[in-house]
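The values are calculated or read from the model by the stated rules, or taken from the named source; none is laboratory data. All of these numbers come straight from a predicted model, not from anything done at the bench. Cβ atoms come from the backbone with ideal geometry, glycine included; neighbour counts cover every protein chain shown. The protein model used for the area step is the full one, side chains on, heavy atoms only, and it has no ligands, DNA or RNA in it. Shrake-Rupley method; radii C 1.70, N 1.55, O 1.52, S 1.80 Å.
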Amino acid sequence: LESTEPEQVSTVRVTLAMMAPDCHLLLLAYASLMLAAFGESSVPLLYGLVIDAIAIKPDPGKLQLYILLLIGTAFATGIFTGLRGSTFIVLGGRFGKRLRVV
């Protein structure tokens, strides 16, 4: 006798197939995620360098450099964090729309 049950399809395979049209957005979202994580992990190091330039080995030139690096890193981290969040929100909406159509 023939089986009347539907063929099982891998959920991951179906999900990836549904996300294929948005692979450029996925790449942008994950690249933003990595850059934001790198920035978030760099901020404590830069805080330490600023404190070192103030208290341990006073050096106005290095202090100014470290503060500029800290400000730039914090700003870039904020930009990439926002880009990551908004891109994943758009991806979720588009995936939800495709899921309802199927």
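Only one entry of Arg84, Arg100, Arg13 meets the criterion of being in contact with a helix residue (DSSP H, G or I) (Cβ under 6 Å, 6 or more places away or on another chain) and of a type in the set (Lys, Arg), and that entry is Arg84.
For every residue, the table says whether it meets (1) hydroxyl-bearing (Ser, Thr, Tyr); (2) touching a Ser or Thr at 6+ places or on another chain (Cβ under 6 Å); (3) within 18 Å of Ala36 (Cα to Cα); (4) open to solvent by 90 Å² or more (accessible area, probe 1.4 Å).
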| site | (1), (2), (3), (4) |
| --- | --- |
| Asp52 | no, no, no, no |
| Ala55 | no, no, no, no |
| Gly61 | no, no, no, no |
| Leu70 | no, no, yes, no |
| Phe75 | no, no, yes, yes |
| Phe88 | no, no, yes, no |
| Lys97 | no, no, no, yes |
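Quick check on this structure: which one of Leu45, Leu33, Leu69 is in contact (Cβ under 8 Å) with a residue 24 or more places away in the chain and under 29 Å from the mean Cα position of the chain (by Cα)? Steps first, please.
On the way: Leu45 fails: in contact (Cβ under 8 Å) with a residue 24 or more places away in the chain; Leu69 fails: in contact (Cβ under 8 Å) with a residue 24 or more places away in the chain.
Within the list Leu45, Leu33, Leu69, the selection yields Leu33.
For segment 22-43, taking the residues that are open to solvent by 80 Å² or more (accessible area, probe 1.4 Å) and not hydrophobic (A, V, I, L, M, F, W, C), the one that is farthest from Thr81 (Cα to Cα) is identified as His24. A count restricted to segment 50-61 and to residues that are more than 23 Å from Glu40 (Cβ to Cβ) and either touching a strand residue (DSSP E or B) at 6+ places or on another chain (Cβ under 7 Å) or assigned to a helix (DSSP H, G or I) (or both) stands at 4.
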